[in-house]
Amino acid sequence: MGDNKDEGSPSMKMFGAVARTLREKANVRVEDISVETDYSISMVHKIERGDRMPPPKFLAKATELYDAGAVLTNAARHLDRSEYPSWFEDYVELERTAVSVSAYDAMTVNALLQTGDYARQLLGGSAALLDTDEIERLAASLAERQQLLTRTPSCRFAFLVEEAALRHMVGGKPVQQGQLTRLLEAGGLRNVAVQVIPTTPDVHPGYDGPLTLLETADRQLLAYLEIHARSLLIDDREEVGDLNQRYGLIRSHALSVRESAKLIEEILSGL
């Protein structure tokens, strides 16, 4: 299992090809549709490659500029919308039926614990330069994933997060207050454990980056690594075993669940 750089579904690729053909036939430049829609040139290219869903404003303006009649609107009705990039879809499918998820995060709060406001701030700062519609779509997809926390049958979650991530002011004081409150609420669920790794001079194996271990319904343990919108889903038993041991070493540096909740409360009260 490995990474995949393509993001769009086959129907999105097809729509993009049709949109590009109509634009070229109408002698409309990418720069022109960019100006008319207020979307970046890069965004237009992504739509034409099938890497991004066409927003309503794009459909309206492209139909007008390309003199396309109902072609684009009708084509858009048949789009197979992928809520996640394809490099992430395999993991999401496994996550939906997992019996346990153990995650370590250093720079930010884990996605499954993020508030909508916190997530939007992170998405807005993405190097991908997402537009507002895309940010809202991804935030909605994240909210859907978070239903796993209260799913029946329940899944066991263990979240390790660095203290520095909790003190990093993402989006300002109100956003950070809401996020810390969300952590405390999630930690109160019977199937969720939230543990903080305090900032100390100690060195641990987590400095190599975030790590997620997922146990499937048939009791197979998988490891998931992600960095800069690229991912690696690992099923090799020996390699997963090594990463499982690494997770255990990272966890040995964490405060207990009760001590972690106390520290989160202290950080929250100090804001």
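The values are calculated or read from the model by the stated rules, or taken from the named source; none is laboratory data. Please read these numbers as outputs of a predicted model, since none were measured by experiment. When we count neighbours, we look across all protein chains shown, and the Cβ atoms used for this are built from the backbone with ideal geometry, even at glycine.
General remarks:
- All of 182, 151 fail the test of being modelled with pLDDT under 95 and within 20 Å of the chain's Cα centre (by Cα), apart from 151.
- The condition of being modelled with pLDDT under 95 and at negative phi does not hold for residue 196.
- Filtered residues of the stretch 16-46 (kept if under 26 Å from residue 231 (Cα atoms) and either modelled with pLDDT of 90 or more or among the aromatic types (Phe, Trp, Tyr) (or both)): 16, 44, 45
- Of all the residues in the stretch 55-70, those that are closer than 19 Å to residue 9 by Cβ and at pLDDT 85 or above number 2.
- Close pairs from the stretch 103-122: first among the hydroxyl-bearing types (Ser, Thr, Tyr), partner in a helix (DSSP H, G or I), Cβ under 6 Å, at least 6 apart: 104/206; 104/250; 108/165; 115/178; 115/179; 115/182; 118/175; 118/179
- Flag if residue 97 is over 25 Å from the mean Cα position of the chain (by Cα) and touching a residue at least 12 places away in the same chain (Cβ under 8 Å): no
- Hits in the stretch 51-78 (condition: part of a loop (DSSP other than H, G, I, E, B) and either over 10 Å from residue 16 (Cβ atoms) or of a type in the set (A, V, I, L, M) (or both)): 53, 55, 67, 68, 69, 70, 77, 78
- Residue list for the stretch 182-205, filter: touching a helix residue (DSSP H, G or I) at 6+ places or on another chain (Cβ under 8 Å) and part of a helix (DSSP H, G or I): 182, 183, 184, 186, 187, 205
- No other residue among 188, 172, 206 is in the same structural domain as residue 116 (by TED's automatic domain parsing) and over 24 Å from residue 258 (Cβ atoms) apart from 172.
- Answer residue from the stretch 149-160, given it is touching a Leu at 6+ places or on another chain (Cβ under 8 Å) and surrounded by 18 or more Cβ atoms within 10 Å (Cβ to Cβ) and is nearest to residue 265 (Cα to Cα) among those: 159
Rundown of residues vs (1) β-branched (Val, Ile, Thr); (2) within 27 Å of residue 174 (Cα to Cα); (3) in contact with a Phe, Trp or Tyr (Cβ under 6 Å, 6 or more places away or on another chain), yes/no style:
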residue: 227; (1), (2), (3): yes, no, no
residue: 230; (1), (2), (3): no, no, no
residue: 240; (1), (2), (3): yes, no, no
residue: 263; (1), (2), (3): no, yes, no
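- Inside the stretch 210-227, residues that are in a loop (DSSP other than H, G, I, E, B), touching a residue at least 24 places away in the same chain (Cβ under 8 Å) and over 18 Å from residue 252 (Cβ atoms) make up a count of 3.
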